Amino acid sequence: MSTVLEIANADRNLSALMKGFKAAELEDALSKHGAFTLFAPVNLAFGKLDSGPYEDLLKPGNKNRLSGILNYHVLASKKLLKDFRDGQKLMTINGTEVQVSIKDGDVRINGAKILSRDKQASNGVIHSIDAVNIPAEPVAAPLVAAVKAQ
């Protein structure tokens, strides 16, 4: 079975996200053993960012900010769609919580709607979402540290 990284790389709708993981040097961590949940913003989501063009975040000088944002989309546990509850708070690997809301059958993570769900990987699961979640203060807690802790 493929890893979270391999599945995301194979999905052309997630190419912008994968550019970010490469720029932030987080690719290796997502290919390691673990149990991850990746809330993967689709390409169109990156064009909607208020904080400026996504291409600016990909520049080397913005690596810490980019890492903080990307880590805000990863849980250090595997959560399938059936595991989410309305009002639930989940800790991301950057140390900041996201909130689950469910209304009319739609599951949202901090307001970002889950589009494609439960893409199973050998080391976790991917849920595609329609927006990029930006933490109040992006923390660059390294994904590598979360992986080593497992």
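Observations
- Selection from Gly34, Gly47, Thr96 lying farthest towards where the dipole of the chain points positive, charges on Cβ: Gly34
- Highest-fluctuation residue, Ile69, Ile129, Ile102 considered, GNM on the chain with Cα pairs under 10 Å: Ile102
- Taking the Cα centre of the range 4-148 as origin and assigning +1 to Lys and Arg Cβ atoms and -1 to Asp and Glu Cβ atoms, the resulting dipole is close to 200 debye.
- For the range 1-54, a simple Cβ point-charge model (Lys and Arg +1, Asp and Glu -1, everything else neutral) yields a dipole of about 120 debye relative to the Cα centre.
- Shape of the chain, Cα gyration tensor, a/c cut at 1.5: rounded
- Linear extension gain, Ala35 paired with Asp104, 0.36 nm per residue minus alpha-carbon span: 22.0 nm
- Packing-based exposure ordering (other Cβ within 10 Å, fewest first) of Leu70, Leu80, Leu115: Leu80, Leu115, Leu70
- Label-point gap, in nm, between Ser116 and Met91 - each point 7 angstrom along Cα→Cβ: 3.1 nm
- DSSP beta bridges fully contained in the range 4-148 are about 75 percent antiparallel.
- Interchain or long-range residues, amide H under 5 Å from Lys113's placed H: Asp130, Ala131
- The calculated 222 nm mean residue ellipticity attributable to helices in the chain amounts to -6500 deg cm²/dmol, summing -39500 (n - 2.57) over DSSP H runs of n ≥ 4 and dividing by all residues.
- Residue among Glu55, Glu27, Glu97 with the largest mean-square fluctuation in a Gaussian network model of the chain, springs linking Cα atoms under 10 Å: Glu55
Readers should treat all values here as calculations from the given coordinates under stated rules, not as data from a laboratory. Since we're looking at a predicted model, the values are computed, not measured. Reconstructed Cβ throughout: ideal geometry from the backbone, glycine too, with neighbour counts over all protein chains shown.
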